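> Next up is a structure, given as structure tokens.
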Amino acid sequence: MMRSESGNAMGADLRALARRINRLTELACDLFLNVMIRSLQIFGALLLLGAVWGLMPSLAKLMMAQGMRPLGIVAIAASISMVALLLVAAWQHSLPRFTRAHLRHYLLGGFIGMALANLFAFTGLQRAPAGLFALLVPLAGLFSVMLFAMAGLDRATPRRIAGALLGLGGVMLAMAPGAALPDPALLPWAAIMLLTPVCYAVANLISVKLAVPGSPPVAQAAGTVMGAALTSVLLAIPMGHLTLPANGTVALLLLTHGLLNALGYLTYFRLLVSAGGIVTSQTSLTLTLCGLLYGYLIFAEVPAWLTIPAVMLIFGGLLLVTLPPRRKLSPAGS
């Protein structure tokens, strides 16, 4: 009788242990699947951003070949993006606010980060290859670190300084004859495009310094694009850049540019909130790769072999700059 009772107790213990093992296995599988799904979602968002924003220079280059002027493209496309983003913001009940602090943020961020940045980019793209511009975009992250350090918002560690120098070396190599710049005569146009990542970096600094706490991401995106549309129109009119599309093809390209730019901003701010700034900064990797691919597919641009080490130097520098600093271990017992 005692043996029977002990056997029953042991069997009950084994069954309970089996249930616990099954439960732990289920939890581990669920955790693994959740991590995999989240990783795939982040990768998909990065790929989408690269595919969307990497196409913008090629679309602008096609429109300028049809007679559109740089600021005219920026003004009309930004206006289309503004309407699309305002509709999304209204649907989500997150319309931009218009206090003095909000307006300062929208106007400065939109003017420098979109109007001026695209003016320099599209002006250079009239002559320089679209693939070269794609190589210059990652410099925005390097310049941002330098500006944040000068503004006292971040530390310029030796690793980050080395990363910035490495990235700049990659850009110089990309501009060398036989790399992404096919003709040395195009160097002045490439230098104009180099001002674009500088504008992006200044806009990043403005976003941190002037951002109004509590503003929803969609409202920030809509307000910033609104500021870009307003300032680019005010600049385009006296410069004679604001003209109507010459034909239906250009109008369709403008509409595509504006809607895709709105999609890019929505994806960017959603990724920024959900994944953080370091992960979001890796957009430059997918943007550059997609930009080079579009240059090849649309304009038959085939960069020379020196482009490969140039890309490696640029992304090596970006990696050194964006990696988070090591955390110091606290002494035992503290």
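The values are calculated or read from the model by the stated rules, or taken from the named source; none is laboratory data. It should be emphasised that the depicted structure is a prediction, and the values quoted were computed from it without experimental measurement. Every residue, glycine among them, receives a Cβ derived from its backbone with ideal geometry; neighbour counts consider all protein chains shown.
> Has the stretch 173-189 got any residue that is in contact (Cβ under 8 Å) with a residue 40 or more places away in the chain, more than 26 Å from GLU301 (Cα to Cα) and not aliphatic (A, V, I, L, M)?
no
> Out of THR283, THR288, THR231, THR307, report the one residue that is buried (at least 16 other Cβ atoms within 10 Å of the Cβ), at pLDDT below 75 and on the phi < 0 side of the Ramachandran plot.
Just one listed residue meets the conditions, THR283.
> How many residues does the stretch 87-111 hold that are over 22 Å from ILE192 (Cβ atoms) and surrounded by 23 or more Cβ atoms within 10 Å (Cβ to Cβ)?
Residues flagged as over 22 Å from ILE192 (Cβ atoms) and surrounded by 23 or more Cβ atoms within 10 Å (Cβ to Cβ) within the stretch 87-111 amount to 3.
> I've got another one for you. Is at least one residue of the stretch 104-123 in contact with a Leu (Cβ under 7 Å, 6 or more places away or on another chain) and more than 17 Å from GLY227 (Cβ to Cβ)?
yes
> Assess whether ALA84 counts as being surrounded by 17 or more Cβ atoms within 10 Å (Cβ to Cβ), within 23 Å of the chain's Cα centre (by Cα), of a type outside the set (Ser, Thr, Tyr) and more than 14 Å from GLN220 (Cα to Cα).
no
> Restricting attention to the stretch 136-155, does a residue exist that is out of contact with any strand residue (DSSP E or B) (no Cβ under 8 Å at 6 or more places or on another chain), modelled with pLDDT of 75 or more, crowded, with 23+ Cβ neighbours inside 10 Å and of a type in the set (Val, Ile, Thr)?
Within the stretch 136-155 (the criterion being out of contact with any strand residue (DSSP E or B) (no Cβ under 8 Å at 6 or more places or on another chain), modelled with pLDDT of 75 or more, crowded, with 23+ Cβ neighbours inside 10 Å and of a type in the set (Val, Ile, Thr)), the answer is yes, since at least one residue qualifies.
> Within the group VAL198, VAL212, which residue is at pLDDT below 85 and over 13 Å from ALA78 (Cβ atoms)?
It is VAL212.
> Taking the condition at pLDDT below 60, outside any loop (DSSP other than H, G, I, E, B) and surrounded by fewer than 18 Cβ atoms within 10 Å (Cβ to Cβ), does ILE37 pass?
yes
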